[in-house]
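Undergrad: Got a structure for you, written out below as C-alpha cells; questions coming shortly.
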Ligand SMILES: Nc1ncnc2c1ncn2[C@@H]1O[C@H](COP(=O)(O)OP(=O)(O)OP(=O)(O)O)[C@@H](O)[C@H]1O
Ligand SMILES: [Mg+2]
C-alpha cells in the first residue's frame, strides 16, 4: 500500500492554477523528493496534503484513509507531520524545549497529571528529554540544548525543525526545503539524518533544490512545473528526462 496517494488534486488561487490535476503515490518507507522550479507549486502541494488549504478537487489518502475535511491537527495526530519552508523555531524557548514541543500531541499522561506534575508525568518528561538530546546529537546540536533557539544560526534552526518534527514520531514526514541555507557540513548531517530516518521505517517526502542531494538520497522523484506533474520515477531516470531538464533550464519542453 502507498503511504500517500494524491489523486487529481487541483487548487486555484484567483486566476492561477497553482496545482493542476496532480496525481502521484509515495511508497511506504521510501524517501521521495518533490522537485520543480521556483513557484512550481511544491509548497502548495504540501499545504493541500496537510489540509492547510482545502483542494478545489481531488483526493489525498494517507495509508488508505481519505484526509478530506480533516483538520491539520487531526492529520498530524495520525502521524503525517510536516515542516515549513521558513524555519519556525519557537522564540523564548531553548533548543531542547523546542524539540520537546514536537512531542506534545503524544504525551501519554492526561492534563491533570501534567498540571499536577505527578510522578508519571515527571518520568515521561525525563524520558522525552533523553530522546530529544539523542536526536539533537545526531545533528551535532546536543551541546546547544540549553541555548535560546533563536540564537542558533539559520542552518541549525532548520535542522532543529527537522528534529522537532521527528519527536512527533511521524509515519510520514513532509520536509519543505530542509537544506535551504545549510552549509556543506550541515547538508551532509541532514542527508545522513534522513537516511537514518528512512531506515527506521519512516516514509519521507522532501522538497529540495539541491540536485546532488536529491540524487544521492531519494529512491523516487516527483517533478512539478507550473502546477502540473511533469515526471515521476527513480533519480537515474529523472536526471536524464528531457522535460525535466527543459523545466530547469527554462526552455520549452522537448
Ligand atoms: N495562498 C496563496 N495565495 C495566492 N497565491 C499563492 C498562494 N500560495 C501560493 N501561491 C502561488 O502559487 C504558486 C505556487 O507557489 P508555491 O509556493 O507552491 O511554489 P513552490 O514550488 O513551493 O516555490 P518555491 O520553490 O519558490 O518555494 C506561486 O505562483 C505562488 O505565488
Ligand atoms: Mg515552496
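The values are calculated or read from the model by the stated rules, or taken from the named source; none is laboratory data. No experiment lies behind these values; they were computed from the predicted model shown. Reconstructed Cβ throughout: ideal geometry from the backbone, glycine too, with neighbour counts over all protein chains shown.
Undergrad: I want to confirm something. Restricting to the stretch 174-187 and keeping residues that are outside any loop (DSSP other than H, G, I, E, B) and either more than 20 Å from residue 90 (Cβ to Cβ) or in contact with a helix residue (DSSP H, G or I) (Cβ under 6 Å, 6 or more places away or on another chain) (or both), which single residue is farthest from ligand 1 (Cβ to nearest atom)?
TA: Going through the qualifying residues, I end up with 185.
Undergrad: Evaluate the stretch 26-47: report whether one residue or more is away from ligand 1 (no atom under 16 Å from the Cβ), within 22 Å of residue 238 (Cα to Cα), assigned to a loop (DSSP other than H, G, I, E, B) and touching a helix residue (DSSP H, G or I) at 6+ places or on another chain (Cβ under 8 Å).
TA: yes
Undergrad: In the list 68, 87, which residue meets the criterion of being at pLDDT below 95 and either within 30 Å of residue 223 (Cβ to Cβ) or within 16 Å of ligand 1 (Cβ to nearest atom) (or both)?
TA: 87
Undergrad: I've got another one for you. Can you go through 138, 106, 118, 111 and tell me which one is within 28 Å of the chain's Cα centre (by Cα) and either over 20 Å from residue 160 (Cβ atoms) or modelled with pLDDT of 75 or more (or both)?
TA: Checking each option against the conditions leaves just 138.
Undergrad: A further question follows. Could you tell me how many of the residues in the stretch 72-83 are in a loop (DSSP other than H, G, I, E, B) and under 15 Å from residue 4 (Cα atoms)?
TA: Of all residues in the stretch 72-83, those in a loop (DSSP other than H, G, I, E, B) come to 78-79, 83.
When the remaining residues are screened for being under 15 Å from residue 4 (Cα atoms), the result is 78-79.
Residues flagged as in a loop (DSSP other than H, G, I, E, B) and under 15 Å from residue 4 (Cα atoms) within the stretch 72-83 amount to 2.
Undergrad: Scanning for something part of a strand (DSSP E or B), within 16 Å of ligand 1 (Cβ to nearest atom) and in contact (Cβ under 8 Å) with a residue 12 or more places away in the chain, does the stretch 190-206 turn up at least one residue?
TA: Residues of the stretch 190-206 that are part of a strand (DSSP E or B), as a first pass: 203-206.
Imposing the further condition that a residue be within 16 Å of ligand 1 (Cβ to nearest atom) reduces the set to 205-206.
Now restrict to residues that are in contact (Cβ under 8 Å) with a residue 12 or more places away in the chain: 205-206.
Yes, the stretch 190-206 contains at least one residue that is part of a strand (DSSP E or B), within 16 Å of ligand 1 (Cβ to nearest atom) and in contact (Cβ under 8 Å) with a residue 12 or more places away in the chain.
Residue by residue, here is whether (1) closer than 18 Å to residue 41 by Cα; (2) surrounded by 14 or more Cβ atoms within 10 Å (Cβ to Cβ) holds:
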{"site": "181", "(1), (2)": "no, yes"}
{"site": "197", "(1), (2)": "no, yes"}
{"site": "223", "(1), (2)": "yes, yes"}
{"site": "242", "(1), (2)": "no, no"}
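Undergrad: The conditions are (1) surrounded by 13 or more Cβ atoms within 10 Å (Cβ to Cβ); (2) in a helix (DSSP H, G or I); (3) modelled with pLDDT under 75, and residue 159 fails exactly one of them. Which is it?
TA: The one condition residue 159 does not meet is (3).
Undergrad: Can you tell me which residue in the stretch 54-71 is farthest from ligand 2 (Cβ to nearest atom), limited to those that are surrounded by fewer than 16 Cβ atoms within 10 Å (Cβ to Cβ) and not in a strand (DSSP E or B)?
TA: 64
This table checks each residue for (1) in contact with a helix residue (DSSP H, G or I) (Cβ under 8 Å, 6 or more places away or on another chain); (2) within 30 Å of residue 147 (Cα to Cα).
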{"position": "6", "(1), (2)": "yes, no"}
{"position": "9", "(1), (2)": "yes, no"}
{"position": "15", "(1), (2)": "no, no"}
{"position": "24", "(1), (2)": "no, no"}
{"position": "49", "(1), (2)": "no, no"}
{"position": "66", "(1), (2)": "no, no"}
{"position": "70", "(1), (2)": "no, no"}
{"position": "93", "(1), (2)": "yes, yes"}
